[in-house]
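Working notes for the structure below.
The values are calculated or read from the model by the stated rules, or taken from the named source; none is laboratory data. These numbers come from a predicted model, not from an experiment. Here the Cβ positions follow ideal geometry from the backbone for every residue, glycine too, while neighbour counts run over all protein chains shown. Surface areas here come from the heavy atoms of the whole protein model, side chains and all, with no ligands, DNA or RNA. Shrake-Rupley method; radii C 1.70, N 1.55, O 1.52, S 1.80 Å.
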Amino acid sequence: MLDELQRDADQAEFSLNVLVNQVLRRYVEWDRYENKLGMIPVPKTLLSELIDQTMKLATDAGISGLEFHRNKIVKSAAETAFSIMKESVLFMRKKCSLWTVLSVLQEYMKVSGIMSDHRIEVGRRHIFLIQHEMGENWSLFTKELLYMIFTELAEVKAEISTTPKTIKAEVVL
């Protein structure tokens, strides 16, 4: 095991101590909760393909009003995710607030390989960026989830824009 860790540290061009510290931090912040919360590892493409294929099947079947149905699916999925997230955050961090939810969400994205950034600009304006490779429907889901987080936990309105690969949320906190 030590040889494998040393090989990985060498490949990443940092010390074994740094790698072990990263492994321990990930365990303390995330891994030890996965089984307790009923999480399972699922490839990112599976998540994005589920709704994409559902939309394709509906289109092929000639179902009208697809945009309306997609929006309902996205909203329902975000509501479910938000509810589960609040319970998970409470279990992991012993309190549920805007900052603990954002912290757990950031950790989730980190372990899932989703890039994120948070910057604070003049006037307490926070900019949150999320970059993924999961398509437009995932962006719409994430937009709805962030909207719920900011409105319900901070009671503020966020300006949220999306592209098929990026979500940008701007909010004054």
Search segment 76-89 for residues that are over 15 Å from Leu140 (Cα atoms) and without any contact (Cβ under 8 Å) to a residue 40 or more places away in the chain and pair each with any residue that is of a type outside the set (Val, Ile, Thr) and open to solvent by 30 Å² or more (accessible area, probe 1.4 Å) when their beta-carbon atoms are under 7 Å apart and the residues are at least 6 apart or on different chains. Lys86/Cys96; Val89/Cys96
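So that you can scan it fast, the table gives a plain yes or no per residue for (1) within 20 Å of the chain's Cα centre (by Cα); (2) among the acidic types (Asp, Glu):
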position	(1), (2)
Gly65	no, no
Ser83	yes, no
Glu87	yes, yes
Leu102	yes, no
Name the residues in segment 92-124 that are of a type outside the set (Lys, Arg), assigned to a helix (DSSP H, G or I) and open to solvent by 50 Å² or more (accessible area, probe 1.4 Å), would you? Trp99, Gln106, Tyr108, Val122, Gly123
Quick one: in segment 116-131, of everything that is more than 14 Å from the chain's Cα centre (by Cα) and β-branched (Val, Ile, Thr), which residue is nearest to Asp52 (Cα to Cα)? Ile127
Quick check on my filter: what residues within segment 125-146 are surrounded by 18 or more Cβ atoms within 10 Å (Cβ to Cβ), of a type outside the set (S, T, N, Q) and part of a helix (DSSP H, G or I)? Trp138, Leu140, Phe141, Lys143, Glu144, Leu145, Leu146
Please work out which one of (1) modelled with pLDDT under 95; (2) under 11 Å from the mean Cα position of the chain (by Cα) is the condition Met134 fails and give its number. (2)
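Condition check ((1) farther than 28 Å from Glu152 by Cβ; (2) in contact with a strand residue (DSSP E or B) (Cβ under 9 Å, 6 or more places away or on another chain); (3) open to solvent by 60 Å² or more (accessible area, probe 1.4 Å)) across all residues:
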position	(1), (2), (3)
Gln11	yes, no, yes
Lys36	no, no, yes
Lys44	no, no, yes
Ser48	no, no, no
Ala61	yes, no, yes
Lys75	no, no, yes
Glu87	no, no, yes
Working only within segment 63-73, note down all residues that are of a type outside the set (A, V, I, L, M), more than 15 Å from Asn137 (Cα to Cα) and open to solvent by 60 Å² or more (accessible area, probe 1.4 Å). Ser64
